[in-house]
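Student: Input: one structure, supplied below.
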Ligand code: FAD
């Protein structure tokens, strides 16, 4: 017979976990502090402009499809997406533009033409990235690292034999500098460290695995926008019987004799057999498990970077821009030193521009574009964010105006800002980090909190702050690991 289960939070992992546990016959209630599901994966509307508020890059759509298939439904009739032919446009300070296309032969030609990088170097790096993915993802992404059975499995033994090739001992930048002649290509491949909020000059070369997600498997776009991932999974959860309680923060997880007994909200005590926290793990221990012993070492790990986002309604269409655009800093090393060593923002930041109206015309009025303009910033350590935002806005506008040959500020007709403090307030993410812990040292992957508590029976964890890490695909896999190990 199934158990009663409380899930704290309806982030992407909370939704996926609810869908999976419902399939296992459990009675699932999701308590959500906000009035809406999705956590970071939400949207905002400013006048005639719609913006995906958080994640913009969609990879591994099969992890969404798996949730429909689990319930015997055809994903295609519930959630539509398409593969992108052009993954990202890279703009360099000297005027060079690289269009990173999905077709690998065309990609190699494009990079070679623009930078002189021999095609064989690019192919070799892509092969290495594919090798890392094939060797490591079944172990590090799909399994709990906190079960002996994982380390005694065939998968693990096959990985032990290849350890040296995983580049744990060199940084991403060292590996990429060894792979490519062109500094521009090194910068392009170093950028993948930011996909989990890390620093390519500190993070192990193993993180070169990330580029395989885009170049080997593909970058995608949900045809109704990123927010449709939340909407679709919320609808699926409701369909399979999950109950949602919005505007209802959980204030305590009740433990008795080392076992979960339920959760407390403004409505009182809710008796539950099991509890899954999709709330950031640091906040879970600090706010909901005040009287329990804490895994101090795990909770103290350095957090990932955060982000500063300007949502701009732009009253002009820039045909040279794509869905994903990067305007690189002139000094990438200095930019990361500012973020990770000094806790400040560099005055020439790399700017990421996401424009969903290039794919979904009704996201902006005719002849206009919705610019999600983002820079990586340190997580919140008490900086004066008003000052940081003011300065960053000037520097971003200066950079974009120079590169696009147009005064951008005069084209802004709608504006809103998201900063690390708002991210923390809206989703409980410790220090406003986007991806939980950073991966800035070779042990990071092993120092995330497990998907279950070793001390409290019946307590589980999913989401970007626990194993296997942040980002939509990994959050979805954290939910799978919880369900696979649910007792
Ligand atoms: P979260 O989204 O963190 O949500 C947690 C939920 O729990 C929230 O709804 C919160 O209200 C609720 N909650 C917290 N405490 C309580 C409580 N006590 N009681 C009840 N409810 C509670 N990922 C990508 O894959 N691609 C990207 O391009 C990308 N870009 C990003 C850009 C930005 C600006 C941000 C912010 C994130 C980005 N990410 C990206 C990361 C991705 O959004 C996250 O890793 C993922 O969405 C986190 O999901 P989660 O399940 O951990 O829950």
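The values are calculated or read from the model by the stated rules, or taken from the named source; none is laboratory data. Fair warning: this is a prediction, and the values are worked out from it, not measured in the lab. No Cβ is skipped: glycine too gets one built from the backbone with ideal geometry, and neighbour counts run over all protein chains shown.
Student: Please enumerate the residues belonging to the stretch 132-161 that are part of a helix (DSSP H, G or I) and in contact with a helix residue (DSSP H, G or I) (Cβ under 7 Å, 6 or more places away or on another chain).
Tutor: Scanning the stretch 132-161 gives 132, 133, 135, 136, 138, 139, 140, 141, 150, 155, 156, 159.
Student: Then there is this: Just one of the numbered conditions (1) within 16 Å of the ligand (Cβ to nearest atom); (2) within 24 Å of residue 460 (Cα to Cα); (3) buried (at least 21 other Cβ atoms within 10 Å of the Cβ) is not true of residue 22; which one?
Tutor: Failed condition: (1).
Student: Can you spot a residue in the stretch 361-376 that is free of Cβ contacts under 8 Å to residues at least 40 places away in the same chain, surrounded by fewer than 23 Cβ atoms within 10 Å (Cβ to Cβ) and farther than 30 Å from residue 252 by Cα?
Tutor: Within the stretch 361-376 (the criterion being free of Cβ contacts under 8 Å to residues at least 40 places away in the same chain, surrounded by fewer than 23 Cβ atoms within 10 Å (Cβ to Cβ) and farther than 30 Å from residue 252 by Cα), the answer is yes, since at least one residue qualifies.
Student: Could you tell me which numbered condition residue 165 fails, if it satisfies all but one of (1) farther than 30 Å from residue 452 by Cα; (2) surrounded by fewer than 20 Cβ atoms within 10 Å (Cβ to Cβ); (3) within 23 Å of the chain's Cα centre (by Cα)?
Tutor: The one condition residue 165 does not meet is (3).
Student: Under the condition of being over 30 Å from residue 271 (Cβ atoms) and touching a residue at least 60 places away in the same chain (Cβ under 8 Å), which residue from the stretch 69-79 is farthest from the ligand (Cβ to nearest atom)?
Tutor: 73
Student: If I filter the stretch 462-470 for residues that are in a loop (DSSP other than H, G, I, E, B), within 23 Å of residue 383 (Cα to Cα) and within 10 Å of the ligand (Cβ to nearest atom), do I get at least one hit?
Tutor: yes
Student: Evaluate the stretch 172-195: report whether one residue or more is part of a helix (DSSP H, G or I), farther than 24 Å from residue 59 by Cβ and in contact with a helix residue (DSSP H, G or I) (Cβ under 7 Å, 6 or more places away or on another chain).
Tutor: yes
Student: Continuing with the same structure: For the stretch 377-393, enumerate the residues that are exposed (fewer than 14 other Cβ atoms within 10 Å of the Cβ) and not in a helix (DSSP H, G or I).
Tutor: Hits for the stretch 377-393 are 381, 382, 384.
Student: Going through the stretch 404-429 one residue at a time, which ones are more than 30 Å from residue 142 (Cβ to Cβ) and assigned to a loop (DSSP other than H, G, I, E, B)?
Tutor: The answer is 405, 406, 407, 408, 419.
Student: Could you check the stretch 262-314 and list, in sequence order, the residues that are free of Cβ contacts under 8 Å to residues at least 24 places away in the same chain and touching a helix residue (DSSP H, G or I) at 6+ places or on another chain (Cβ under 7 Å)?
Tutor: 285, 294 - these are the residues of the stretch 262-314 that are free of Cβ contacts under 8 Å to residues at least 24 places away in the same chain and touching a helix residue (DSSP H, G or I) at 6+ places or on another chain (Cβ under 7 Å).
Student: Please determine, by comparing only the residues of the stretch 38-68 that are assigned to a helix (DSSP H, G or I) and more than 11 Å from the ligand (Cβ to nearest atom), which one is farthest from residue 245 (Cα to Cα).
Tutor: Ranking the candidates gives 62 first.
Student: Does any residue of the stretch 430-453 turn out to be part of a helix (DSSP H, G or I), in contact with a strand residue (DSSP E or B) (Cβ under 7 Å, 6 or more places away or on another chain), more than 12 Å from the ligand (Cβ to nearest atom) and in contact (Cβ under 8 Å) with a residue 12 or more places away in the chain?
Tutor: Yes.
Student: Going by the conditions given, is residue 275 surrounded by 21 or more Cβ atoms within 10 Å (Cβ to Cβ), touching a strand residue (DSSP E or B) at 6+ places or on another chain (Cβ under 6 Å) and on the phi < 0 side of the Ramachandran plot?
Tutor: So residue 275 fits the description; yes.
Student: Among the candidates 134, 183, which residue alone is under 30 Å from residue 351 (Cβ atoms) and under 28 Å from the mean Cα position of the chain (by Cα)?
Tutor: One residue alone meets the criteria, 183.
Student: Now for a different question. Given the conditions (1) at pLDDT 95 or above; (2) surrounded by fewer than 19 Cβ atoms within 10 Å (Cβ to Cβ), and given that residue 429 satisfies all but one, which numbered condition is not satisfied?
Tutor: Going through the list (1) at pLDDT 95 or above; (2) surrounded by fewer than 19 Cβ atoms within 10 Å (Cβ to Cβ), residue 429 breaks only (2).
Student: Restricting the stretch 218-240 to residues that are within 30 Å of residue 104 (Cβ to Cβ) and within 13 Å of the ligand (Cβ to nearest atom), which is surrounded by the fewest Cβ atoms within 10 Å (Cβ to Cβ)?
Tutor: The qualifying residue surrounded by the fewest Cβ atoms within 10 Å (Cβ to Cβ) is 220.
Student: Follow-up. Please give the number of the condition residue 442 fails out of (1) closer than 27 Å to residue 58 by Cα; (2) in contact with a helix residue (DSSP H, G or I) (Cβ under 7 Å, 6 or more places away or on another chain); (3) surrounded by fewer than 22 Cβ atoms within 10 Å (Cβ to Cβ).
Tutor: (2)
Student: Here's a follow-up. Among the listed residues 6, 16, 33, identify the single one that is in contact (Cβ under 8 Å) with a residue 24 or more places away in the chain, part of a helix (DSSP H, G or I) and within 16 Å of the ligand (Cβ to nearest atom).
Tutor: From the options 6, 16, 33, the qualifying one is 16.
Student: Something else about it: Would you confirm, using the coordinates I've provided, whether residue 89 is farther than 17 Å from residue 212 by Cβ, under 22 Å from the mean Cα position of the chain (by Cα) and crowded, with 19+ Cβ neighbours inside 10 Å?
Tutor: In short, yes.
Student: Within the stretch 107-130, how many residues turn out to be in a helix (DSSP H, G or I), crowded, with 17+ Cβ neighbours inside 10 Å and more than 26 Å from the chain's Cα centre (by Cα)?
Tutor: Adding up the residues that qualify gives 7.
Student: Being part of a helix (DSSP H, G or I), surrounded by fewer than 17 Cβ atoms within 10 Å (Cβ to Cβ) and within 16 Å of the ligand (Cβ to nearest atom) is the requirement here; does residue 396 meet it?
Tutor: no
Student: Here is a further query. Tell me, which strands (runs of 3 or more DSSP E) wholly within the stretch 241-340 include 1 or more residues that are within 13 Å of the ligand (Cβ to nearest atom) and under 30 Å from residue 47 (Cα atoms)?
Tutor: 243-245, 306-314, 324-327
Student: Within the stretch 69-96, count every residue that is within 14 Å of residue 233 (Cβ to Cβ) and part of a helix (DSSP H, G or I).
Tutor: Count: 3.
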